[in-house]
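Reading through the structure tokens given below for one structure.
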């Protein structure tokens with residue numbers, strides 16, 4: 001068997017190195033640099049054509065947002081109608097459940113007049129910059145399998161498929177040698193949202209925090225003066241130079257030396273990214289920083305903007321993760337209310353801030369969840385999981401703002417007009433980054449693995 005087919009990214013030797021180095025974050029940040037230097041075999045290194053976007057900020061709401069109560073309004077005339085809910089929940093037993101009314105008020109915003117729920121008034125105020133896709137669907141109806149499907153493009157774990165951001169890192173490499181190509185902020189629903197899979201740990205997500213310590217175990221000990229640190233760095237540079245001269249013929253050793261150099265550069269670059277002291281008050285206010293309900297998520301989105309400014313390729317933000325995710329609303333759909341308040345103002349602030357800085361055209365903002373929620377009730381006032389029809393939206397990065405594409409049926413159960421499997425969203429994002437989804441593939445264990453296997457390709461109706 002060809003070892004190159006089995007471990008196309010040099011995964012074993014890299015993993016052994018990371019273990020010996022004792023700095024897992026380092027490996028998560030190194031993949032793009034190794035790809036750039038030719039250390040990752042078979043790296044695609046696009047773009048395949050001129051990109052519309054340089055960075056993606058991917059907002060993932062963990063647990064399943066109700067499209068019916070947010071961006072896909074329905075007439076309450078069907079409230080009380082008994083629907084066949086077989087196949088939902090934890091078994092396939094026959095069950096009948098009544099449609100429950102939506103108690104939200106929808107207002108038409110902007111020149112486009114797109115209706116948005118009173119749970120998202122701030123997002124409504126920037127709706128002319130947003131393309132709403134109301135006809136997404138996936139296969140899985142439980143959280144963990146649905147997260148796997150929507151973040152990797154594949155069902156199940158019979159193969160160690162990488163998450164979407166890892167493909168981006170693998171394909172494009174890094175645009176900033178001081179920062180990783182793929183960053184995750186916030187707690188995910190599943191570790192699968194961070195994995196490099198068969199592409200290797202070197203292209204997995206690097207965790208960032210909106211605080212004094214952006215990456216765990218990155219900073220030198222407190223009390224180390226700037227002059228002492230400078231002497232250390234000069235000594236390290238001299239040792240590295242001698243090491244490279246001695247072992248220049250060994251590419252593995254050369255790559256390891258570059259890894260340590262990246263760690264040193266990140267010690268300087270990462271703290272600057274999370275230092276908000278130079279941000280004017282009106283910008284902090286845009287994100288709701290300093291306000292009780294919005295401070296945490298606002299800081300995460302401001303950090304995302306600052307990372308995009310530094311040309312980080314893919315910035316994934318997981319909101320309300322852990323377990324099934326707090327957007328899971330089985331008991332009472334009103335549990336969405338505080339989550340919407342926590343995210344509404346920061347999301348709108350991010351879009352306004354990117355726009356006023358001239359960054360929105362080259363930054364693609366995507367809002368999604370692993371599935372939607374059913375029109376019928378569960379536990380009287382809650383809604384069940386619904387993979388058959390739900391909403392995602394996109395802004396910036398060459399997207400036609402103020403547009404609505406696709407539709408669910410009259411009660412919001414199933415996508416019926418321009419239905420799009422979730423991989424179509426992947427293909428759309430790839431296209432805006434200048435990547436041909438048909439060429440995102442790699443040989444693993446003698447088999448060709450593709451990021452996008454199903455679906456119809458990019459959602460061209462929402463692209464300029």
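The values are calculated or read from the model by the stated rules, or taken from the named source; none is laboratory data. What you see is a predicted model; the values in this text were computed from it and never measured. As a convention, Cβ positions derive from the backbone with ideal geometry for all residues, glycine included, and neighbour counts pool all protein chains shown.
A compact table of results
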read-out	value
Residue list for region 311-323, restricted to those being at pLDDT 95 or above and either part of a loop (DSSP other than H, G, I, E, B) or surrounded by fewer than 19 Cβ atoms within 10 Å (Cβ to Cβ) (or both)	311, 312, 313, 320, 321
Positions within region 175-214 being over 19 Å from residue 317 (Cα atoms), in contact (Cβ under 8 Å) with a residue 60 or more places away in the chain and surrounded by 22 or more Cβ atoms within 10 Å (Cβ to Cβ), in sequence order	199, 200, 202
Test: residue in region 261-282 that is modelled with pLDDT of 95 or more, under 28 Å from residue 319 (Cβ atoms) and part of a loop (DSSP other than H, G, I, E, B)	yes
Which numbered condition residue 425 misses (of (1) outside any strand (DSSP E or B); (2) more than 22 Å from residue 197 (Cβ to Cβ))	(2)
Flag for residue 328 being over 16 Å from residue 62 (Cβ atoms), in contact (Cβ under 8 Å) with a residue 12 or more places away in the chain and not in a helix (DSSP H, G or I)	no
From the options 378, 300, residue that is modelled with pLDDT under 95 and either within 17 Å of the chain's Cα centre (by Cα) or under 30 Å from residue 85 (Cβ atoms) (or both)	378
Residue check, residue 166 touching a residue at least 24 places away in the same chain (Cβ under 8 Å), surrounded by fewer than 23 Cβ atoms within 10 Å (Cβ to Cβ) and in contact with a strand residue (DSSP E or B) (Cβ under 7 Å, 6 or more places away or on another chain)	no
Residues of region 398-417 that turn out to be touching a helix residue (DSSP H, G or I) at 6+ places or on another chain (Cβ under 7 Å) and over 16 Å from residue 368 (Cα atoms), as a count	7
Subset of region 271-309 [within 30 Å of residue 47 (Cβ to Cβ) and either crowded, with 17+ Cβ neighbours inside 10 Å or touching a strand residue (DSSP E or B) at 6+ places or on another chain (Cβ under 6 Å) (or both)]	273, 274, 300, 301, 302, 303, 304, 305, 306, 307, 308
Single unsatisfied condition, residue 441 versus (1) touching a residue at least 60 places away in the same chain (Cβ under 8 Å); (2) surrounded by fewer than 23 Cβ atoms within 10 Å (Cβ to Cβ); (3) in contact with a strand residue (DSSP E or B) (Cβ under 6 Å, 6 or more places away or on another chain); (4) closer than 26 Å to residue 188 by Cβ	(1)
One residue from 397, 455, 401 being within 21 Å of residue 157 (Cα to Cα), touching a residue at least 24 places away in the same chain (Cβ under 8 Å) and part of a loop (DSSP other than H, G, I, E, B)	455
Given (1) crowded, with 22+ Cβ neighbours inside 10 Å; (2) in a helix (DSSP H, G or I); (3) in contact with a strand residue (DSSP E or B) (Cβ under 9 Å, 6 or more places away or on another chain), number of the condition residue 149 does not satisfy	(3)
Residue match in region 336-355 (condition: surrounded by fewer than 21 Cβ atoms within 10 Å (Cβ to Cβ), in a strand (DSSP E or B) and out of contact with any helix residue (DSSP H, G or I) (no Cβ under 7 Å at 6 or more places or on another chain))	no
Some residue of region 124-131 being under 25 Å from residue 344 (Cα atoms), in contact with a strand residue (DSSP E or B) (Cβ under 6 Å, 6 or more places away or on another chain) and assigned to a strand (DSSP E or B)	yes
Residue check, residue 141 in a loop (DSSP other than H, G, I, E, B), out of contact with any helix residue (DSSP H, G or I) (no Cβ under 9 Å at 6 or more places or on another chain) and more than 18 Å from residue 75 (Cβ to Cβ)	yes
